[in-house]
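I have placed the structure first, in the form of structure tokens, so that the comments after it can refer back to it.
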Amino acid sequence: MGATLILVNGHSATGKTVLARWLGEQLGVAVTSKDFTKERLYDERLPVDREESRAYGQRAYELAYAEAERVLRSGVSVILEAPMQREYSQGQVEAIVEATGAGVVQVLLVADRATLEARYLERQQSEERHAGHDVGFTREWLAEAFVAPFPGLEIERTIEVDTSDFGAVDREAILARLLEWLGGETGAGSGGAV
């Protein structure tokens, strides 16, 4: 397989950023992130309300997709880390893959609702979290945010990883599966849980 779009996907607070950075280091692949892009927009001007924050989020997705496509067009693999729901992102990802001729794999992170809510609250209260993420945040929003399972993308080569206990995640097994797929081996199967 040539250049590959490696998607690290899932609900907020599943550990996408931590895993994407680790995979990037292990694979020697650049990581582009919707949140990192959004925080650069926040640095220019903080949004005034939830609606404006959502507009920033949409712009951040557009920029992250464009960056991933730019890297893939140069023949280099890239990791794209973001919560990419099927309804909103499937078409965009398919268009990037078609335009670049790249392969695509997905690492889909899941966790139980209580864990996600607790992590999200902890993250919101962290001084390391960009202030822009607080705009429009309410406990009512949080109560609804993780009710339904995350509708990940329909990607044939998908690894589903339960991160409810992030310390128990077998990163090496995820890396091995990705290396198998990136090496073009045909015995990789069509995904599965790790």
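The values are calculated or read from the model by the stated rules, or taken from the named source; none is laboratory data. Here the structure is a predicted model, which means the values were calculated and not measured. For accessibility, only protein heavy atoms count, side chains too; no ligands or nucleic acids. Shrake-Rupley method; radii C 1.70, N 1.55, O 1.52, S 1.80 Å.
In table form, for the structure just shown:
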item: Spatial extent of the stretch 26-88: Rg and Dmax, with the Cα atoms as the point set, Å; result: 13.0, 40
item: Anisotropy class of the stretch 43-194 from Cα gyration tensor, a/c 1.5 cut; result: oblate
item: Degrees, to the nearest 10: 171-182 long Cα axis against longest axis of the chain; result: 50
item: Sulfur and carbon atoms: percent of accessible area, the chain [1.4 Å]; result: 47
item: Cα point-scatterer Debye curve for the stretch 58-110, base-10 log of I(q)/I(0) at q = 0.29 Å⁻¹; result: -1.41
item: Crossing angle, helix 86-100 versus the chain [Cα axis fit, 0-90 degrees, rounded to tens]; result: 40
